[in-house]
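Contents: one structure, followed by commentary.
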Amino acid sequence: PVQVYPNQEVASIGVAKRIANVIREKQEKGETAVLGLATGATPVKVYKELVRLHKEENLSFRNVVTFNLDEYYPMLPTADQSYVTFMNKHLFDMIDIPKENINIPDGTVPVEKVQEYCEGYEQKISNLGGLDIQILGIGRTGHIGFNEPGSAPNSGTRLVTLDDLTRRDASRDFGGKENVPTKALTMGVGTIFKAKEIILMAWNEKKAEIVKKAVEGEISSDIPATYLQLSDRAEFILDQDAASALT
Ligand code: F6R
């Protein structure tokens, strides 16, 4: 299903409300809510609204465990461009989540330990009963997480090579494409697919072309986001500009 909102503010408030509902439903049952989170420009206003709900409407994150989709590799958690820094700045530093409940792929794992680490990440998610809700952005290559073209539908958490276009799109954050890492750790398409609800968000005209391919195109590993067409638990939440090329 595709839902189009007049602008990203309204859409983001709606997505934040969905996440808050998952947290509150679990809280009432004395259970843990397991959230799959994304970085980048797309979810920033969702996090802003979650912070507001925490400060003004008593939403607590004490029973929440989070798993982020991805991290550059190699990457120090303390670096300005790390997804750890991003998440602290936009969400975690402003809410009451216990630090030990936060999971972000570790960009410092030695290369010979990466496979074991990725299997552990996957295992930790399933031990908690799986992701209750996963939010996603979409890259201009059609990636979800950092599952670039060629990613298999049953792929798990792993080390991947970033597409040239993805590195170009990240070049501003790193002061030049040559400084953008060539690799990343990412949850797989299969990991994402196991989530009970999947919400892919896209805003702005510059996403219109890839959104059209993702929503209306043939399902293919060339555009990993097309795999979401196969899931009745996946929704595309768009603003008018991102939806402007849809027929
Ligand atoms: C980030 C991630 C990526 C981004 C995508 C869009 O954790 O997994 O798939 O969602 O690259 O990035 P923005 O939102 O910056 O346009």
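Values in this text are rule-based calculations from the coordinates and carry no lab data. Note that this is a predicted model, so its numbers are computed, not measured. We place every Cβ from the backbone using ideal geometry, glycine too, and count neighbours over all the protein chains shown.
Sum up the charges of everything whose Cβ sits under 12 Å from the Cβ of Ile23, counting Lys and Arg as +1 and Asp and Glu as -1, but leave Ile23 out. Don't skip to the end; give the middle numbers.
Numbers: positive: Lys17, Arg18, Arg24, Lys26, Lys29, Arg62; negative: Glu25, Glu28, Glu31, Glu57, Asp96, Asp132.
Taking every Cβ under 12 Å from that of Ile23, the sum is 0.
Ranked highest first by average number of other Cβ atoms within 10 Å, how do 80-89, 181-190, 237-246 line up?
181-190, 237-246, 80-89
List the residues whose amide H sits under 5 Å from the amide H of Gln134, counting only those 5 or more places along or on another chain, with H placed 1.01 Å from N in the peptide plane.
Gly36, Glu197, Ile198, Ile199
Holding the Cα-Cα limit at 25 Å, pick out from Lys99/Lys207; Lys55/Lys206; Lys26/Lys213; Lys29/Lys124; Lys113/Lys213 the pairs that are longer than that.
Where the Cα-Cα span goes over 25 Å, the pairs concerned are Lys99/Lys207; Lys55/Lys206; Lys26/Lys213; Lys113/Lys213.
Residues with beta-carbon under 12 Å from that of Gly150, excluding Gly150: net charge, scoring Lys, Arg +1 and Asp, Glu -1?
-3
Report, in order of residue number, the helices in the chain meeting two criteria: a C-alpha extent of 27 Å or more along the helix axis, and a mean Kyte-Doolittle hydropathy of at least -0.5; treat each whole DSSP H run as one helix.
Values: long enough: 8-28 (30 Å, -0.36).
Going by DSSP H runs, the hits are 8-28.
Show me, for region 153-166, the HN-Hα J-couplings you get by feeding each phi into the Karplus relation (A = 6.51, B = -1.76, C = 1.60, θ = phi - 60°), rounded to Hz, glycine and proline as x.
Values, residue by residue: x, 9, 5, x, 4, 6, 8, 10, 9, 7, 5, 4, 5, 4 Hz.
If you put +1 on each Lys and Arg Cβ and -1 on each Asp and Glu Cβ, how big is the dipole of the chain around its Cα centre, in Debye rounded to 20?
Taking the Cα centre of the chain as origin, the dipole is about 280 debye.
Take peptides 167-176, 114-123 and line them up by average Cβ neighbours within 10 Å, highest first, as a rough protection proxy.
With the highest mean Cβ count within 10 Å placed first, the list reads 114-123, 167-176.
Among DSSP beta bridges lying fully in region 2-239, give the percent that are antiparallel, nearest 5.
DSSP beta bridges in region 2-239 are roughly 30 percent antiparallel.
Please say if region 136-203 is rounded, prolate or oblate, where rounded means a/c under 1.5 for a ≥ b ≥ c the square roots of the C-alpha gyration tensor eigenvalues, and otherwise the choice is prolate for a/b larger than b/c and oblate otherwise?
Prolate is the answer for region 136-203, as a/c is 1.5 or above and a/b outweighs b/c.
Taking the Cα-to-Cβ direction at Thr182 and at Gln240 and moving 7 Å from each Cα, how far apart do the two end points lie in nm?
For the pair Thr182/Gln240, the computed spacing is 4.5 nm.
Taking the mean number of other Cβ atoms within 10 Å as a proxy for protection, how do you rank 216-224, 71-79 from highest to lowest?
So the order, starting with the most tightly packed, is 71-79, 216-224.
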